[in-house]
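Heads up, the thing below is written out as structure tokens.
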Amino acid sequence: MRSRSGTGGAPNRDESRQASTTTRSPATYCVLQAIHADANQSARMRAQGDWDSGARKLSCPDDQRLIGISQKGQGGLCTDTGMANMWGSAAATMVKSESVTTDWAVGFTKYQCPNGSFMNGYSLRGDRVSAVLCAPGRVPLAGAGRTLWDDRGDSRPASGEGGDYANGYYKAQCAADEYAAGIAFSTSVGRYGTPDALYCRRF
């Protein structure tokens, strides 16, 4: 399986394709790695300039969505599996404060996209969460949600789809019929603001 890895600038178009048992096109994955430079793969966001000044930025290609994060190592995974070209015509917005309707990570700070939007990316200062990037969907988005934790181990599909996109680090990854909608973190004693949980919602 080949993957495409983003380290800033124009997207690297090596594609990872997974065999499909339906008539849909094979899934494409994009690996984001921002340890050494921004992994700002969204052409629309690059056109807007520095959308979170001073932070390391990770964003998916415009025809994909974010489905995976790593607790450390500044990694991410994007895909078009399940639904491609989810982004509608309106601009993406950056969320840097907590506004949720359900407490999906008790005791943690939660940055969540509003109903109707999905995570196209996120930003970090070191390994500490800075913001989540929310793109408005072209279809209604407000499905049931669940919390995946990556603070003590991996929370990923057993199939391993998308590959090990952040080798050596704990990862949380939504299923193929879900989209990422939020990240939770904590700066309490013994915690350092790293992405400790991912909020996944059904289409």
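Descriptive notes on the structure:
- Residue that is farthest from the chain's Cα centre (by Cα), among those in region 42-78 that are among the polar types (S, T, N, Q) and in a strand (DSSP E or B): Ser70
- One residue stands out among those in region 99-109 that are modelled with pLDDT of 95 or more and either crowded, with 18+ Cβ neighbours inside 10 Å or in contact with a strand residue (DSSP E or B) (Cβ under 8 Å, 6 or more places away or on another chain) (or both): the one that is farthest from Asp196 (Cα to Cα), which is Asp103.
- Of all residues in region 148-187, exactly one satisfies the criterion of being among the hydroxyl-bearing types (Ser, Thr, Tyr) and free of Cβ contacts under 8 Å to residues at least 12 places away in the same chain, namely Ser159.
- Selection of region 124-143 for residues being at pLDDT 95 or above and either within 16 Å of Ala181 (Cβ to Cβ) or part of a loop (DSSP other than H, G, I, E, B) (or both) yields Val129, Ala131, Val132, Leu133, Cys134, Ala135, Pro136, Gly137.
- Of residues in region 171-193 being closer than 20 Å to Cys60 by Cα and part of a loop (DSSP other than H, G, I, E, B), the one nearest to the chain's Cα centre (by Cα): Cys174
- In region 132-155, residue surrounded by the most Cβ atoms within 10 Å (Cβ to Cβ) [restricted to those that are over 16 Å from Leu32 (Cα atoms) and aliphatic (A, V, I, L, M)]: Ala135
- Candidate set from region 144-172 (those that are basic (Lys, Arg) and closer than 19 Å to Val129 by Cβ); member that is modelled with the lowest pLDDT: Arg152
- Of all the numbered requirements in (1) surrounded by fewer than 15 Cβ atoms within 10 Å (Cβ to Cβ); (2) touching a residue at least 12 places away in the same chain (Cβ under 8 Å), Gly190 misses one, and that requirement is (2).
The values are calculated or read from the model by the stated rules, or taken from the named source; none is laboratory data. Just so you know, these numbers come straight off a predicted model, no measurement behind them. Cβ coordinates were reconstructed from backbone atoms using ideal geometry, including for glycine residues, and neighbour counts include every protein chain displayed.
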